[in-house]
1. Of the residues D185, D159, D213, which is within 21 Å of E245 (Cα to Cα) and of a type in the set (D, E)?
2. From (1) over 20 Å from the mean Cα position of the chain (by Cα); (2) at pLDDT 90 or above; (3) assigned to a helix (DSSP H, G or I), pick out the condition that doesn't hold for Y33.
3. So which residues in the stretch 128-161 are touching an Asp or Glu at 6+ places or on another chain (Cβ under 9 Å), in a helix (DSSP H, G or I) and touching a residue at least 12 places away in the same chain (Cβ under 8 Å)?
4. Restricting to the stretch 35-61, count the residues that are open to solvent by 70 Å² or more (accessible area, probe 1.4 Å) and of a type in the set (A, V, I, L, M, F, W, C).
5. Mind listing just one residue for me: the one in the stretch 171-204 that is among the small types (G, A, S) and not in a helix (DSSP H, G or I) and, of those, surrounded by the most Cβ atoms within 10 Å (Cβ to Cβ)?
6. Looking at G207, is it open to solvent by less than 60 Å² (accessible area, probe 1.4 Å) and touching a residue at least 12 places away in the same chain (Cβ under 8 Å)?
7. Going by the structure shown, is G122 at pLDDT 95 or above, open to solvent by 40 Å² or more (accessible area, probe 1.4 Å) and at positive phi?
8. Before we move on, is Y64 open to solvent by less than 70 Å² (accessible area, probe 1.4 Å), at pLDDT 85 or above, under 20 Å from Y155 (Cα atoms) and in a helix (DSSP H, G or I)?
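The values are calculated or read from the model by the stated rules, or taken from the named source; none is laboratory data. Predicted, not measured: the structure shown is a model, and the values here were computed from it. A quick note on method: Cβ atoms are made from the backbone with ideal geometry, for glycine too, and the neighbour counts reach across all protein chains shown. In case anyone asks, the SASA skips ligands and DNA or RNA and just uses the protein heavy atoms, side chains included. Shrake-Rupley method; radii C 1.70, N 1.55, O 1.52, S 1.80 Å.
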Amino acid sequence: MIKFFHIAYLSVSLGACGQLIPEDESSSGCLSYIDEQEWDSAITCYEDGDFSDAPEADQEAEEYLYLAQWAGAYGGKYEVVGISIIESFLETGGGDEGDDQGDESSGGIDFETKATTLLTAGTISTAILEMQRAVELLTAIPEKYRDTSSSEAAYFASDLTTIGGIYVLFLFELQKVDFNAGLSDTELSEEELIEKADAVLETLANGGTIVSDPALQEQINQKFSELESQPGDNNAEKLENLIREEEGSK
């Protein structure tokens, strides 16, 4: 059975019926923007408010929920939260045990089209930076609360691992599309292309620090292995070969 997020920042877009996060005085104002799906205002509220992106490590699980709300605002901005996306991801991208496995290249979500649209609009660099920020916010929640196998796992641990998987795979596609565009940019040096490719490998290599679900870890690790095993003297050549291989299989 597909599980919906109980986290308050998704309560409106998912229509969740589970327990909502208690609002404290400091976060209620930012959550009001999320309830109205005013994502930029919510992001600004967290960025400009008295919120730490590296909180103390010895707090109770619920004291870190604002980090998930903050990260969720970035996801909302790029339309990678919502009931149809979560359902698609869980059903076809490695969700609950027993779900049918569909197109695992994107978890059933057309991340490539989203990334290409952002590239055309000239905002893909901003999207990459902001999704990297979202991932960093999720990893700022102590692993013992995010890891579903931990004896201290929070009640929302499975939700965090799902949204973490979505964010990692979306970021991967953003970086890959940006790199592919960079191949035809005569102003980019070989060193800059290698740096972009290195960032793609880093996204996949670090994905497991967010995603504790074995099926999602396998999906991300498979992409990492496919990229790392490509021929080439550096990561830029490997990533270019992977892209050409994928284009040839379409």
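1. Values: D159 fails: within 21 Å of E245 (Cα to Cα); D213 fails: within 21 Å of E245 (Cα to Cα).
From the options D185, D159, D213, the qualifying one is D185.
2. That leaves (2) as the condition not met.
3. Matches in the stretch 128-161: I128, R133, E136, L137, Y145, A157, S158, T161.
4. 2
5. Looking at the filtered set, the residue picked out is S189.
6. Criteria met by G207.
7. yes
8. Criteria met by Y64.
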